[in-house]
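Visitor: Attaching a single structure in structure tokens format; questions to follow.
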Amino acid sequence: MISFGFTGTRQGMTPEQKSALRNLLDGGAGEFHHRDCIGADSEAHDIAVECGYGIILHPPTNYSERAWREVRRHMMRPERPYLDRNKDIVRETASLIAAPAEPEEQLRSGTWSTVRFARKQGKPVFLILPDGTVRR
């Protein structure tokens, strides 16, 4: 079974990023893990559900940025601090999809921190840049 982790910007994805994510997930099935935050996570949730994925939510302990996505048909992990649950997502999935706000790596960014952790763990990373380009 395919299992993707997802991380993205609170600002939300560009239309090009949404299209690239839909193309990446289309025709697949499996698990889609995300952080249940506003912005890209919430948008990716809808796309993954449309593409037939089961959702695994990894919610934060800080509710200020939480999206509160539906959990009735999906699974939810315990609430955890931001960086801890980001690492949990990487550990529980086969690969990571990241949709950052900027095309260059940033030091003070949860999305980029998660990408760096996935790379250190040897996990494949699909980086969807703001222009829709997918880098692996």
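The values are calculated or read from the model by the stated rules, or taken from the named source; none is laboratory data. Note that the structure is a prediction, hence the values are computed from the model and not measured. All Cβ positions, glycine included, derive from the backbone under ideal geometry; neighbour counts span all protein chains shown. Note: areas computed on protein heavy atoms with side chains; ligands, DNA, RNA excluded. Shrake-Rupley method; radii C 1.70, N 1.55, O 1.52, S 1.80 Å.
Visitor: How much of the accessible area of the chain, in percent, comes from carbon and sulfur atoms when a 1.4 Å probe is used?
Guide: Exposed carbon and sulfur together represent 49 percent of the surface.
Visitor: I'd like to check one number: the per residue accessible area of the chain, probe 1.4 Å, reported in Å² as a whole number. Numbers along the way, then the final one.
Guide: On the way: 6740 Å² over 136 residues.
Here the residues of the chain average 50 Å² of exposed surface.
Visitor: Let me ask you something else. What is the percent of Cα-Cα separations in the stretch 73-136 that go past 20 Å?
Guide: So the portion of pairs separated by more than 20 Å is 29 percent.
Visitor: Here's something else I'd like to know. Could you list log10 I(q)/I(0) for the stretch 14-86 at q = 0.15, 0.24 Å⁻¹, which the Debye formula gives when each Cα is one point scatterer?
Guide: So the normalised log intensities work out to -0.48, -1.08.
Visitor: Continuing with this model, one more query. Give me the distance in nm between label points sitting 7 Å out from Cα along the Cα-to-Cβ direction at MET1 and TYR82, one decimal.
Guide: It works out to 3.0 nm between the two label points.
Visitor: Next question, about the same structure. With +1 on each Lys and Arg Cβ and -1 on each Asp and Glu Cβ, and nothing else charged, work out how big the dipole of the chain is about its Cα centre, in Debye to the nearest 20. Kindly include the intermediate steps, with their values, before the conclusion.
Guide: On the way: 20 positive and 18 negative charges, 96 e Å.
For the chain, the charge dipole is close to 460 debye.
Visitor: Ignoring ligands and nucleic acids, what accessible area does GLU50 show with a 1.4 Å probe (Å², nearest 10)?
Guide: Its heavy atoms expose roughly 120 Å² to the probe.
Visitor: If you don't mind, another one. At 222 nm, what helix-only mean residue ellipticity would the chain give, in deg cm²/dmol to the nearest 500, using -39500 (n - 2.57) for each DSSP H run of four or more? Intermediate results must be reported in sequence, preceding the final value.
Guide: Working: 4 runs with 44 residues, N = 136.
About -10000 deg cm²/dmol.
Visitor: For LYS120, list the aspartates and glutamates whose Cα falls under 17 Å from its own Cα; do not include residues on the same chain fewer than 8 positions away.
Guide: Straight-line reach from LYS120, under 17 Å: ASP84, ASP88, GLU92, GLU105.
Visitor: For percent of Cα pairs over 19 Å apart, one of [x] 59; [y] 67; [z] 42 was computed from the structure I shared and the rest are decoys. Which label?
Guide: Matching the structure shown: [z].
Visitor: Would you work out the relative contact order for the chain, in percent, from Cα pairs under 8 angstrom that are 6 or more residues apart?
Guide: Relative CO of the chain lands at 29 percent.
Visitor: Another question, if that's okay. Enumerate the helices in the chain for which the Kyte-Doolittle hydropathy averages -0.5 or more and the C-alpha atoms extend at least 20 Å along the helix's axis, using complete DSSP H runs.
Guide: Answer set is empty.
Visitor: Next question. Ordering ARG136, ARG77 from largest to smallest accessible area (1.4 angstrom probe), what's the sequence?
Guide: Most to least solvent-accessible, the answer reads ARG136, ARG77.
Visitor: Between the stretch 64-136 and the stretch 38-63, what is the separation of their alpha carbon centroids in Å?
Guide: That distance is 11 Å.
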